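Please read the structure below before turning to the comments.
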Amino acid sequence: MHELRLSPETQRRAIALNMRQSWISLAMLAPILLVLVVIFSLQDFWLGFGYGMLVVVLIGGSVPLSIWLARTSMRETYIRFGDGWIEHRWMFRTRRFAAAEATSVVTVDQMTLGGLMGAPTHHLIVTGRDRRLLILVGQMWTQQQLTAMMHDLASRGVPWISVPEPITPPQLRARDPRLVPWWQAHPVAFALLIAGATFAVVIILAIVVAFAIFTATTS
């Protein structure tokens, strides 16, 4: 049985990346929350003021909470293999599957998943019959760690596929859709869909609140 853990340096890098993503998410969410504060203030000043204070408290508390969750998650992250089973602990979730379920183990030398993941790095992807079972990225795991896991799976008869040339997520998905899901291969389009859906919800909420205010003032 082998167990791989994140090094202290990797944990610090992952926490920094997590914080960067959290700040970007808050920056995207802030205009929506501000619109809601204005809407509530138009209905009742103190209601809008109270909601604004609640937003400030929630945003202020989310930063230290995000740091604590990231640190705890990084300390508990591991991969265990060597007995015919693969067990992966990540973000408070544990996934376990038999090596016999794997139909291929793919090593990618240079690829970037999303715009926030930094420079292209190595990846290891394990596929099942109709879905991806596991993906490990170089920002978290060293080349030696992923190589050890690849050799273990290959020794059990799992076909090994190497992608030594630089490749993008859409190109890898074109080779096999199981390797990269659509949302991960097209992060910009996925983000626009989420932003569009969120904007639509805000517009609908604004119309409902405006109608309620209009009805209350004319009755």
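The values are calculated or read from the model by the stated rules, or taken from the named source; none is laboratory data. Bear in mind the structure is a predicted one, so any value in this text is a computation, not a measurement. For neighbour counting, all protein chains shown are included, and Cβ atoms are generated from backbone atoms with ideal geometry for every residue, glycine included. When the accessible area is computed, the model is the full protein with side chains, heavy atoms only, and any ligands, DNA or RNA have been set aside. Shrake-Rupley method; radii C 1.70, N 1.55, O 1.52, S 1.80 Å.
Any residue at all in the range 122-143 that is over 21 Å from R178 (Cα atoms) and assigned to a strand (DSSP E or B)?
No; the residues of the range 122-143 include none that is over 21 Å from R178 (Cα atoms) and assigned to a strand (DSSP E or B).
Hey, can you tell me all the residues within the range 178-190 that are in contact with a Pro (Cβ under 9 Å, 6 or more places away or on another chain), of a type outside the set (A, V, I, L, M) and either open to solvent by 40 Å² or more (accessible area, probe 1.4 Å) or at pLDDT 90 or above (or both)?
Matches in the range 178-190: H186, P187.
Say we look at the range 63-117 and pick out the residues that are of a type in the set (F, W, Y) and touching a strand residue (DSSP E or B) at 6+ places or on another chain (Cβ under 7 Å); which of these is surrounded by the most Cβ atoms within 10 Å (Cβ to Cβ)? Please lay out each step first, then the result.
We begin by selecting, within the range 63-117, every residue of a type in the set (F, W, Y); these are 68, 78, 81, 85, 90, 92, 97.
Add one more test, that the residue is touching a strand residue (DSSP E or B) at 6+ places or on another chain (Cβ under 7 Å), and what stays is 78, 81, 85, 97.
Details: Y78: 14, F81: 19, W85: 14, F97: 15.
Residue satisfying both the conditions and the ranking: F81.
Under the condition of being of a type in the set (G, A, S) and out of contact with any helix residue (DSSP H, G or I) (no Cβ under 6 Å at 6 or more places or on another chain), which residue from the range 55-81 is farthest from R132 (Cα to Cα)?
Here is the first cut: in the range 55-81, the ones of a type in the set (G, A, S) are 60-62, 66, 70, 73.
Going one step further and asking which of them are out of contact with any helix residue (DSSP H, G or I) (no Cβ under 6 Å at 6 or more places or on another chain), we end up with 60-62, 73.
On the way: G60: 37, G61: 35, S62: 32, S73: 22 Å.
This residue is G60.
When you check T215 against the structure, is it in contact with an Asp or Glu (Cβ under 9 Å, 6 or more places away or on another chain) and modelled with pLDDT under 95, yes or no?
no
Can you pull out every residue in the range 1-19 that is surrounded by fewer than 16 Cβ atoms within 10 Å (Cβ to Cβ) and of a type in the set (G, A, S)?
S7, A16
Quick test for you: out of W141, W183, W160, pick the one residue that is within 23 Å of L17 (Cα to Cα), in contact (Cβ under 8 Å) with a residue 12 or more places away in the chain and not small (G, A, S).
None of the others qualify; the one that does is W141.
Got at least one residue in the range 157-177 being on the phi > 0 side of the Ramachandran plot, open to solvent by 20 Å² or more (accessible area, probe 1.4 Å), part of a loop (DSSP other than H, G, I, E, B) and at pLDDT 90 or above?
Scanning the range 157-177 turns up at least one residue that is on the phi > 0 side of the Ramachandran plot, open to solvent by 20 Å² or more (accessible area, probe 1.4 Å), part of a loop (DSSP other than H, G, I, E, B) and at pLDDT 90 or above.
Which count do you get for residues in the range 107-116 that are assigned to a strand (DSSP E or B) and at pLDDT below 85? Step through it out loud before you land on a result.
We begin by selecting, within the range 107-116, every residue assigned to a strand (DSSP E or B); these are 107-111.
Pick out the ones that are also at pLDDT below 85 and you get none.
Residues in the range 107-116 being assigned to a strand (DSSP E or B) and at pLDDT below 85: 0 in total.
Tell me, which residue of the range 123-138 that is in contact with a strand residue (DSSP E or B) (Cβ under 7 Å, 6 or more places away or on another chain) and open to solvent by 30 Å² or more (accessible area, probe 1.4 Å) is farthest from E165 (Cα to Cα)?
Initially, the range 123-138 is screened for residues in contact with a strand residue (DSSP E or B) (Cβ under 7 Å, 6 or more places away or on another chain), giving 123-127, 132-138.
Subset that is open to solvent by 30 Å² or more (accessible area, probe 1.4 Å): 132, 135.
Details: R132: 21, I135: 18 Å.
So the residue we want is R132.
M150 passes all but one of (1) out of contact with any Gly (no Cβ under 8 Å at 6 or more places or on another chain); (2) within 14 Å of V105 (Cα to Cα); (3) open to solvent by 30 Å² or more (accessible area, probe 1.4 Å); which number fails?
Going through the list (1) out of contact with any Gly (no Cβ under 8 Å at 6 or more places or on another chain); (2) within 14 Å of V105 (Cα to Cα); (3) open to solvent by 30 Å² or more (accessible area, probe 1.4 Å), M150 breaks only (3).
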